[in-house]
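Worksheet: one structure, shown below.
The values are calculated or read from the model by the stated rules, or taken from the named source; none is laboratory data. Since the structure is predicted, the reported quantities are computational estimates derived from the model, not experimental observations. Here the Cβ positions follow ideal geometry from the backbone for every residue, glycine too, while neighbour counts run over all protein chains shown.
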Amino acid sequence: MPLGLLALAIGGFGIGLTEFVIMGLLPEVARDFGVSEAAAGGLISGYALAVVVGALGLTAATTRLPRKTVLLGLMVLFIVGNVITALAPEYGIALVGRIIAALCHGAFFGIGSVVAASLVPADRAARAVAIMFTGLTAANVLGVPFGTFLGQQFGWRSTFWAIAAIGVIAFIGVAALVPAASGHTAAPSLRRELAAFRSGQVWLSLIVTALAFGGMFGAFTYIAYTLTEVSGFSAGAVPWLLVLFGTGLVVGNALGGRLADKHRDATLLWFIGALILVLAAFALLASWQPAVIALLVLMGGFGFGTVPGLQSRVMAYADTAPTLASGANIGAFNVGNALGAWAGGLGISAGLGFTSPLWIGAAITVVAFVVMIASALAARTSRPVPAPAIPVAA
């Protein structure tokens, strides 16, 4: 494994921790700033919106710069944002820090995916992307529980100081371990990057990404309510149950990357189809605790197992200009998160109960499956597209 992938995974770990750890620290943050927990929740929604803006805006703005240089700049932005959050004397400044840190999220994973694919042979591109995203999955399994514990013991600000330190380590790792440009391809330009969106397959891939992730996160957003109100688990058991979900993320990410390198579209169809069945089974068996434990792992595994294939697919069909399309796909993941949370909330508000987000998530995933079938069939009639092998700073 190229050591540059390890540096990218460390960066992904820090970014994933920044995104998710705030959920466990909202009560402490709300008390410190004297705001309601609902208001403190703006630190989550504000972050998500900024991810989409950064995924497109920063990626487009840095098109002509060497990718290694951009990654280093993004890590500086990440560190600065978390330091501002840690020092914030009031809620508004903490929100500014969160937004600054979030701007690097989409661009880092978008550009980092292209860089990761360039570090390995073309037939290992999806696995390389999966290794980078292992940092994000590890943040859910290990980072969030530890970060929450740290914040509860030493104050929530200590967690963000620790995240800033992880950012420094990632910066050093990228600087030392990610190779510079090979210089064997034409210089990139925003016009060339935008031209990638003329491909219908790029758009179909983005739609599948938003819908497949929307289905999973529509269910996951309200999973704590399902586990306590329907399954009968205690509130204290929820963090440990979420570790099981996170374990599924790690396994699914690794397996999905390996399989996607061999049969990308077939892997995506199998994983998305399996996710539909898992979500439906979860809704039917939500009151049976042994089944819930197993289905949590499977939901994480099949849901996140699509990520390497979806990311490498959009890069492949973007051909020689994959950077902006890759960033757009990261934005599509977050659009899906927002779509799923909104749709699942509608079901609860309509009085359909806490299993309704699971049914709604399954329905959204069915649409993703149909679009993926159409995309795979259309791909068979067009020229075959190889996995991307893009130099680090094309």
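Tabulated values for the structure
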| item | result |
| --- | --- |
| Unmet criterion (only one of (1) more than 15 Å from the chain's Cα centre (by Cα); (2) at pLDDT below 85; (3) part of a helix (DSSP H, G or I)) for T365 | (2) |
| Set I163, I172, I207: member being more than 26 Å from G14 (Cα to Cα) and at pLDDT 90 or above | I207 |
| Meets criteria (farther than 19 Å from F13 by Cβ, surrounded by fewer than 16 Cβ atoms within 10 Å (Cβ to Cβ) and small (G, A, S)) for A260 | no |
| Test: residue in segment 17-24 that is under 19 Å from the mean Cα position of the chain (by Cα), at negative phi, at pLDDT 85 or above and of a type outside the set (D, E) | yes |
| Any hit, segment 44-65, residues being on the phi < 0 side of the Ramachandran plot, touching a Lys or Arg at 6+ places or on another chain (Cβ under 7 Å) and surrounded by fewer than 17 Cβ atoms within 10 Å (Cβ to Cβ) | yes |
| Odd one out for L71, checked against (1) more than 21 Å from the chain's Cα centre (by Cα); (2) buried (at least 24 other Cβ atoms within 10 Å of the Cβ) | (1) |
| Search result, residues across segment 112-165 that are surrounded by fewer than 24 Cβ atoms within 10 Å (Cβ to Cβ), under 20 Å from I79 (Cα atoms), among the aliphatic types (A, V, I, L, M) and more than 17 Å from the chain's Cα centre (by Cα) | L150, A162, A164, A165 |
| Candidates F13, F33 - the one that is more than 24 Å from G110 (Cα to Cα) and at pLDDT 80 or above | F33 |
| Residues of segment 340-360 satisfying the condition of being under 22 Å from the mean Cα position of the chain (by Cα) and either modelled with pLDDT of 85 or more or under 20 Å from V292 (Cα atoms) (or both) | G344, P357, L358, I360 |
| Verdict on L242 being on the phi < 0 side of the Ramachandran plot and buried (at least 24 other Cβ atoms within 10 Å of the Cβ) | no |
| Test set (1) in contact with a helix residue (DSSP H, G or I) (Cβ under 8 Å, 6 or more places away or on another chain); (2) modelled with pLDDT of 85 or more - W288 fails condition number | (1) |
